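The values are calculated or read from the model by the stated rules, or taken from the named source; none is laboratory data. Just so it is clear, the model here is predicted, and its values are computed rather than measured. Don't worry about glycine lacking a Cβ; one is built from the backbone with ideal geometry, like all the others, and counts go over all protein chains shown. These area figures cover heavy atoms from the full protein model, side chains too; ligands, DNA and RNA do not enter into them. Shrake-Rupley method; radii C 1.70, N 1.55, O 1.52, S 1.80 Å.
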Amino acid sequence: MEVLVWKNEGLMILDQTKLPHQVSHILCRHYREVAEAIRKLRVRGAPAIGIAAAFGYALAAFNFSGKEEQSMDDYLCRAAAELRATRPTAVNLGWALDRMGMKYQKIKGLPLNQIRETLLAEAQQIFDEERHRDERISSFGAKLIPDGARILTYCNTGALATAGWGTALGIILMANRQGKNVHVYVSETRPVLQGARLTAWELHQAGVPYTLITDNMAGYLFSRQQIDLVIVGADRIVANGDFANKIGTYNLAVLAAYHKRPLYVAAPTSTFDKNLATGQEIPVEMRAPEEVRSIGGTLLTLADSPVLNPSFDVTPHEFVSAFITERGILRPPYNDLVEKIS
Ligand code: MRU
């Protein structure tokens, strides 16, 4: 599946807003189109938006002709700021842009063509490294999935979210490939329905058995002992192990703890933010009220119903049974988490 691909001096993005009914791509030839695609969730998922932003930065170098009034420094600095401002919670976005900016600082004396090619190679390198991380996460994580497991997952953490093999969903796919008999409960993930639209579609493609539930059905399954473990991704994991993930994750963490079922969090080290001490410092993206008022363009409520739409919540580290990263499986206590992922 080509989620992100560099083609003809542009970034092709699989438009996730059209899934599962239409598989189509958009071609971004300007960094502002990449920023717009991230903002509108055409590309989404923490690792995938980091990769898209890296290519967006490289694209800005192609967009810069040398004839502008601005210097290249100013042009790229502005492009990075615009890309960074698209979505505040997933730390991979800023991480990838910082890395691109550092690369540029090292090579900025070179001729324009060489700067472009070097930045493009750096974006491709970030892409390749993230894919490699996914594979390792999946191999480590599959060890935690017993044969016969009934797994609850949330949001979308597959190839669509990472442009690679996936994180939490990658682990489930790996366990399935290893011949384990797994069944996945996919929570629909209101308001944007990443579970229903994307995860269900990916599991269907992969031939993994699943059942779709609405988000308020998880308690029903736990109360009947029908969930063995919960596995989710993350958008930002801070120094003490608190993590931000799609709104609704915290509800599942509380349910899992009450019912004594493990909650596993799968993410690459690019999702860790060593600069924040606790989850209270994580900026939570607030999105448009229309996402809550409507589904698929159909208004569900009054056109002006007051709405709250935080896109993420923060789950305290006490609820996390283990983090699964490309470095291995990290279990509590998490007081040396930063050293372990450095
Ligand atoms: O708003 P989104 O769709 O970009 O949300 C991000 C996510 O996909 C999830 O929170 C996910 O669990 C972490 S990213 C693999």
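Key figures for this structure:
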item: Three-way shape call for the stretch 142-226 based on the alpha-carbon gyration tensor, with the a/c threshold at 1.5; result: oblate
item: Sulfur and carbon atoms: percent of accessible area, the stretch 4-135 [1.4 Å]; result: 50
item: Simple Cβ-charge dipole of the stretch 143-341, Lys/Arg +1 and Asp/Glu -1, about Cα centre, in debye nearest 20; result: 620
item: Distance violations [Cα-Cα > 27 Å] among LYS106/LYS274; LYS7/LYS40; LYS67/LYS103; LYS18/LYS274; LYS108/LYS340; result: LYS18/LYS274; LYS108/LYS340
item: Probe 1.4 Å - accessible area at LYS108, Å² to nearest ten; result: 80
item: Carbon + sulfur, % of accessible area of the stretch 203-342 - ligands and nucleic acids excluded, 1.4 Å; result: 55
item: Estimated [θ] at 222 nm from DSSP helical runs (n ≥ 4, -39500 (n - 2.57)) normalised by residues in the chain, nearest 500; result: -12000 deg cm²/dmol
item: Of PHE272, PHE127, PHE319, the one that fluctuates the most in a GNM where the chain has Cα springs shorter than 10 Å; result: PHE319
item: Given charges at Cβ of Lys, Arg, Asp, Glu: the chain dipole, positive-most of VAL3, ASN92, TYR31; result: VAL3
item: By accessible area with a 1.4 Å probe, ligands and nucleic acids excluded, highest first: order of ASP235, ASP128; result: ASP128, ASP235
item: In the stretch 16-99, GluC sites (Glu not before Pro) in a DSSP loop with at most 16 other beta-carbon atoms within 10 Å; result: GLU68, GLU69
item: Which of ARG197, ARG224 is most accessible, then next, and so on - probe 1.4 Å; result: ARG224, ARG197
item: Per residue value of the accessible surface for the chain (all protein chains in place, 1.4 Å probe), Å²; result: 42
item: Tensor-based shape of the stretch 39-102 (alpha-carbon gyration tensor, a/c under 1.5 rounded, otherwise prolate or oblate); result: prolate
item: Rounded to the nearest 10 Å², the accessible area of SER71 at probe 1.4 Å; result: 50
item: Fluctuation leader among ASN156, ASN275, ASN181 - the chain, Gaussian network, Cα springs under 10 angstrom; result: ASN275
item: List ILE213, ILE295, ordered by accessible area with a 1.4 Å probe, largest first; result: ILE295, ILE213
item: Unit charges on C-beta of K, R, D, E only; dipole of the stretch 1-44, Debye; result: 160
item: Mean projected area in nm² (Cα convex hull; one quarter of hull surface) for the stretch 143-341; result: 11.3
item: Positive-end residue, the chain charge dipole about Cα centroid, Cβ charges, pick of GLY241, ALA46, HIS21; result: HIS21
item: For LYS274, solvent-accessible area (1.4 Å; no DNA, RNA or ligand), Å²; result: 110
item: Helix 91-107 axis, angle to the chain major axis (alpha carbon atoms, nearest 10°); result: 30
item: Cα shape, the chain, gyration tensor, a/c 1.5 rule; result: prolate
item: Cα centre as origin, Lys/Arg/Asp/Glu Cβ charges: the chain dipole, Debye; result: 520
